[in-house]
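Here the structure is laid out as structure tokens; the discussion comes afterwards.
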Amino acid sequence: MAVFTASAVKIADQWEKAVVLRMGKFRSLRGPGPFIIIPIIDRVHNYIDQRVRITDFKAEETLTKDTVPTNVDAVVYWTVWDVEKAALEVQDYINAVAYIAQTGLRDIIGQHELADLLQNRETIAAKKYQNDPIALHLRGMNMLFEGLKEKGSLIIVPSSALESMNLGSISGLAALAKATTPQNELEKNNQ
């Protein structure tokens, strides 16, 4: 009986949703936190991570409109908004995102001449984000990431950008953690 009860209790982490199947059919999404299933009848098929993810890819040897071969590296920031569709309608949604992004990048490259790509890189990203605030938000995160990965770089970010990306609270928490760490170490050493 204890084994039966223990196998009925499941836990999904804060950033996850659990896909529960009942006798092979979709039953519900559960989580985050603890939840109960009926052992043998129900099973957790998958835990879907809903955090923002980073996928890097290359559009290898793509031809521009003027038939110049180019190699372009790119990074995609993405997240799963509809867990049910990701679990039930796409076999491997992680690879599907990478392939769709790669195909989209190749399509954009093929529509422009090389000189146009080199001179108007920001404009060609901007048309895609014009009416999509979520995509614009993710692009902003990408730009910040690209700037921070360079060694010795200094980035000045307007406070409105920090507020819109919720980075102010994250940065503040990180600064607070660093500020309190030496004091915590001192307290541990005195005990």
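Each reported figure results from applying straightforward, stated rules to the coordinates on display, with no laboratory input. What you see is a predicted model; the values in this text were computed from it and never measured. With ideal geometry, Cβ positions are generated from the backbone for all residues, glycine too; neighbour counts draw on all protein chains shown.
Applying the condition of being small (Gly, Ala, Ser) and outside any strand (DSSP E or B) to the range 12-35 and asking which residue is farthest from the chain's Cα centre (by Cα) yields GLY24. Looking across the range 66-98 at every residue that is more than 14 Å from the chain's Cα centre (by Cα) and of a type in the set (D, E, K, R), the one that is farthest from GLU16 (Cα to Cα) is identified as ASP66. VAL44 satisfies every condition listed in (1) part of a loop (DSSP other than H, G, I, E, B); (2) farther than 30 Å from GLY110 by Cα except (1). For the range 55-73, the tally of residues that are under 12 Å from TYR99 (Cα atoms) and surrounded by 15 or more Cβ atoms within 10 Å (Cβ to Cβ) stands at 3.
In contact with a Leu (Cβ under 8 Å, 6 or more places away or on another chain) and free of Cβ contacts under 8 Å to residues at least 24 places away in the same chain: is that true of ASP56 in this structure?
Working: in contact with a Leu (Cβ under 8 Å, 6 or more places away or on another chain): no; free of Cβ contacts under 8 Å to residues at least 24 places away in the same chain: yes.
In short, no.
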